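Everything on this sheet refers to the single structure shown next.
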Amino acid sequence: MPKIKRWFPVDQEINHKPKMRELMMRFRLAGLRIWLEILSIGDRADGLVDCTSVGAQKRLSSASETKNKVTTSVVEWLHNHECLRSVDGQNHLSRILNYAE
């Protein structure tokens with residue numbers, strides 16, 4: 001049986017990583033919860049995740065118990081800090097980058 005590629009191996013030092021510290025300083029717990037939800041979704045979808053469409057934003061907000069406006073800001077931050085990269089023309093589908101950080 002082939003080995004399953006896991007997209008959700010979180011570094012044991014996640015709380016000490018500069019990007020994650022910045023994310024937490026800016027968005028508090030909501031930032032981390034949204035990032036972990038994105039990693040979880042990507043784990044089931046080979047590292048790809050829709051995190052910008054209206055429906056996806058609502059699901060992320062619901063799962064992380066966060067306001068949609070905050071979710072939108074966190075997703076934008078993740079794109080700007082090279083944690084996510086858009087892979088389609090509509091900017092809905094993103095690939096997770098640097099997931100171990």
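The values are calculated or read from the model by the stated rules, or taken from the named source; none is laboratory data. What you see is a predicted model; the values in this text were computed from it and never measured. Because the Cβ atoms are built from the backbone with ideal geometry, glycine has one as well, and the counts that use them run over all protein chains shown. The accessibility values were calculated without ligands, DNA or RNA, using every heavy atom of the protein model including side chains. Shrake-Rupley method; radii C 1.70, N 1.55, O 1.52, S 1.80 Å.
Hey, any hits in segment 47-60 for a residue that's over 11 Å from the mean Cα position of the chain (by Cα), at pLDDT below 90, part of a strand (DSSP E or B) and not acidic (Asp, Glu)? Among the residues of segment 47-60, not one is over 11 Å from the mean Cα position of the chain (by Cα), at pLDDT below 90, part of a strand (DSSP E or B) and not acidic (Asp, Glu), which makes the answer no.
Within segment 78-89, restricting attention to residues that are more than 10 Å from the chain's Cα centre (by Cα) and not in a loop (DSSP other than H, G, I, E, B), the residue that is farthest from residue 27 (Cα to Cα) is 86. Tell me, yes or no, whether segment 25-48 has at least one residue that is open to solvent by less than 30 Å² (accessible area, probe 1.4 Å) and in contact with a Gly (Cβ under 9 Å, 6 or more places away or on another chain). No: zero hits.
Among residues belonging to segment 90-99 that are assigned to a loop (DSSP other than H, G, I, E, B) and over 19 Å from residue 25 (Cβ atoms), point out the one that is modelled with the lowest pLDDT.
Going through segment 90-99, the residues assigned to a loop (DSSP other than H, G, I, E, B) turn out to be 90-92, 97-99.
Then drop every residue that is not over 19 Å from residue 25 (Cβ atoms), which leaves 90-92, 97, 99.
On the way: 90: 66, 91: 64, 92: 77, 97: 82, 99: 56.
Of everything passing the filter in segment 90-99, 99 is modelled with the lowest pLDDT.
Only one of 15, 68 is at pLDDT 90 or above, over 22 Å from residue 87 (Cβ atoms) and surrounded by fewer than 16 Cβ atoms within 10 Å (Cβ to Cβ). Can you tell me which? So the residue among 15, 68 that is at pLDDT 90 or above, over 22 Å from residue 87 (Cβ atoms) and surrounded by fewer than 16 Cβ atoms within 10 Å (Cβ to Cβ) is 68.
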